[in-house]
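Structure first, then comments.
The values are calculated or read from the model by the stated rules, or taken from the named source; none is laboratory data. It should be emphasised that the depicted structure is a prediction, and the values quoted were computed from it without experimental measurement. When we count neighbours, we look across all protein chains shown, and the Cβ atoms used for this are built from the backbone with ideal geometry, even at glycine. The accessibility values were calculated without ligands, DNA or RNA, using every heavy atom of the protein model including side chains. Shrake-Rupley method; radii C 1.70, N 1.55, O 1.52, S 1.80 Å.
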Amino acid sequence: QAQLVESGGGLVQPGGSLRLSCAASRSISNFAFMGWYRQAPGKQRELVAVITSVGGTNYADSAKGRFTISRDNAKNTVYLQMTRPEPEDTAVYYCHAKEVNGVEYWGQGTQVTVSS
């Protein structure tokens, strides 16, 4: 079992920056994948970015060049650095982790609102 706790959400102006954190209750070294998803009102949850256990990354087209996912195994934490956010990035952001055996975990979500 593992718990994921997101933090760092809030109100940010377009063109600003924000860093989301996802702290795991145990070592993240055993997670094959960790990532960030988001869900805007009236829309389906979608992948934003994912990072593998060896540091490989993949991004949604909307996040490429603006967002950066990283992980700190020593702190059991995954980050999402958001730069140049746009109003369309407003959503609840969820942390996700998947073990090698396929077991998945979700955080409770953190609200990000991009507005001037």
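Build a GNM of the chain with springs between Cα atoms under 10 Å: which of Lys64, Lys98, Lys43 gets the top mean-square fluctuation?
Lys43
Of Val114, Gln1, Ser70, which is farthest towards the positive pole of the chain's charge dipole, taken about the Cα centre with +1 and -1 on the beta-carbons of Lys, Arg and Asp, Glu respectively?
In the chain, that residue is Ser70.
Starting at the first residue of segment 73-89, write each ³J(HN,Hα) from the Karplus equation 6.51 cos²θ - 1.76 cosθ + 1.60 with θ = phi - 60°, in whole Hz, x for Gly and Pro.
So the Karplus estimates, Gly and Pro as x, are 4, 5, 9, 6, 9, 10, 10, 10, 8, 9, 10, 6, x, 10, x, 5, 7 Hz.
Modelled label-to-label distance, Gln108 and Arg26, 7 Å Cα→beta-carbon offset: nm?
The modelled label-to-label distance comes out at 2.1 nm.
How much accessible surface area, in Å² rounded to 10, belongs to the heavy atoms of Tyr94 with a 1.4 Å probe?
40 Å²
Could you go through segment 38-52 in sequence order and give the Karplus-derived ³J(HN,Hα) for each residue, using 6.51 cos²θ - 1.76 cosθ + 1.60 with θ = phi - 60°, rounded to whole Hz, and x for Gly and Pro?
For segment 38-52, the Karplus-derived couplings read 9, 9, 8, x, x, 10, 7, 5, 9, 6, 9, 7, 9, 9, 8 Hz, x marking Gly and Pro.
Given the chain, what whole percent of its Cα pairs are spread farther than 18 Å? Each step should come with its number before you reach the end.
Values: 2979 of 6670 pairs.
Tail of the P(r) past 18 Å holds 45 percent of the pairs.
Which value, in debye to the nearest 20, gives the size of the charge dipole of the chain about its Cα centre, when Lys and Arg are +1 and Asp and Glu are -1 at the Cβ? All intermediate terms of the calculation are to be shown ahead of the outcome.
Working: 11 positive and 9 negative charges, 31 e Å.
In debye, rounded to 20, the chain gives about 140.
Could you give each residue of segment 20-28 its phi-based ³J(HN,Hα) in whole Hz, using Karplus coefficients 6.51, -1.76, 1.60 with θ = phi - 60°, and x for Gly or Pro?
Going residue by residue, I get 9, 10, 10, 9, 9, 7, 8, 4, 8 Hz, with x marking Gly and Pro.
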